[in-house]
Every structure is written in structure tokens, then in C-alpha cells.
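Working notes, structure below.
The values are calculated or read from the model by the stated rules, or taken from the named source; none is laboratory data. Because the structure is a prediction, the values reported are computed rather than measured. Because the Cβ atoms are built from the backbone with ideal geometry, glycine has one as well, and the counts that use them run over all protein chains shown. Protein only, heavy atoms only, side chains kept; ligands, DNA and RNA dropped before computing areas. Shrake-Rupley method; radii C 1.70, N 1.55, O 1.52, S 1.80 Å.
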Amino acid sequence: MTCPICTADNEDILLQTPNLRVIAVHNEAGAPAFCRVIWNNHVSEMTDLSPAERNEIMEMVYQVEAAMRQVFRPAKINLASLGNVVPHLHWHVIARFENDANFPAPIWAAPAREHGMALPENWPQQIKNLIA
């Protein structure tokens, strides 16, 4: 089975290091302010990483969260590492707003309303500038 995270194309990469990359996600209808922090090597769980590697990925998750808080001023940031569908270690960093389509439910729940959000068009660049 081919891993779609290992073979990803056309990602909006905000930061790339030897061990991880940060991407802006543009195809989640219920979550237009969404980034992923992806470990480059194909591993499934945090405990597959050494303590130093775990620290590296979590520090990046925290940096992305802080940048998203500064750019969006959201009601909440959701952090999730699921991997049920794609068992490749990655973290979702999702800005949540009281007027987003699903708030306060998870972004993958059935929408409760149409979202009424206007995000800055250049938000990926703003995040990139803050985490670089």
C-alpha cells in the first residue's frame, strides 16, 4: 500500500527540515485555517521516535500553534494526532472559530452551519514567516 503522506504532491510547504515538514491544508471545507506537522520518515506512533525526535516534532507543533494564534486570533486551537486512516505520524493544528461550520464540535463532524469566516488570503505566508 502506498502512503499518501510519503508520496504527497503539490503540498503548500511552509517549512521543511531534514526530519519534518509543515504544510498549509486548503482542502478541509470545515477548517479553512489548518496546518499539518508531518514527520518525514514513515513511522506510525510518537513512541517510534527517539526522545529528541519527539521533542523536535512537538516543538514545531507548538511553534505552529503560536503562529496560528497570532495570525488568526481564534477561539481555540485543536491539536490532533490520529493516523487511523493514514498511519504516518502527523499532527493537525487547527484554528477554530465560534462561527466556523462545526464549532464547538470537531471539524470532521457534520456541519452545523455555513462558516462565516474571512481569513487573510496570505495566511500561509504569514504562518511561514513566523515559524521560519
The answer for the chain, accessible area per residue at 1.4 Å probe in Å², is 56 Å²
On the accessible surface of the chain, probed at 1.4 Å with all protein chains in place, carbon and sulfur together account for a percent value of 50 percent
Sorted list, accessible surface of protein heavy atoms, 1.4 Å probe, largest first, for 69, 96, 36, 113 is 69, 113, 36, 96
Cys in the chain lacking any partner Cβ under 4.7 Å -> 35
Each label sits 7 Å from Cα toward the beta-carbon; between residue 113 and residue 2 the label points are separated, in nm, by 4.2 nm
Between residue 82 and residue 26, the FRET efficiency computed from the C-beta separation at R0 = 22 Å comes out, to the nearest 0.05, as 0.70
Of the residues 38, 57, 75, the Cα lying farthest along the dipole of segment 2-105 towards its positive end, which is defined by charges on the beta carbon of Lys, Arg, Asp and Glu, belongs to 75
Among 40, 102, 19, the residue with the largest mean-square fluctuation in a Gaussian network model of the chain built from Cα contacts under 10 Å is 19
The Kirkwood hydrodynamic radius of segment 69-121, taken as the inverse of the mean 1/r over all distinct Cα pairs, in Å, comes to 12.3 Å
With all protein chains in place and a 1.4 Å probe, residue 82 shows an accessible area in Å² (nearest 10) of 100 Å²
Kirkwood radius from Cα pairs of segment 11-85 plugged into Stokes-Einstein at 25 °C, 0.890 mPa s, gives D in µm²/s equal to 184 µm²/s
Once both label points are put 7 Å beyond Cα along the C-beta direction, the residue 17-residue 58 separation in nm becomes 1.4 nm
Computed ³J(HN,Hα) along segment 102-116: with the Karplus parameters 6.51/-1.76/1.60, θ = phi - 60°, integer Hz and x for glycine or proline, the list is 10, 4, x, 6, x, 5, 8, 6, 4, x, 8, 6, 7, 6, x
Rounded to the nearest 10 degrees, the helix 51-72 long axis (Cα) sits at an angle to the longest Cα principal axis of the chain of 20 degrees
If amide H atoms are modeled at 1.01 Å from N in the peptide plane, then the residues at a separation of 5 or more from residue 20, or on another chain, having amide H under 5 Å from its own are 40
Judged on accessible area alone, 1.4 Å probe, highest first, 115, 42 line up as 42, 115
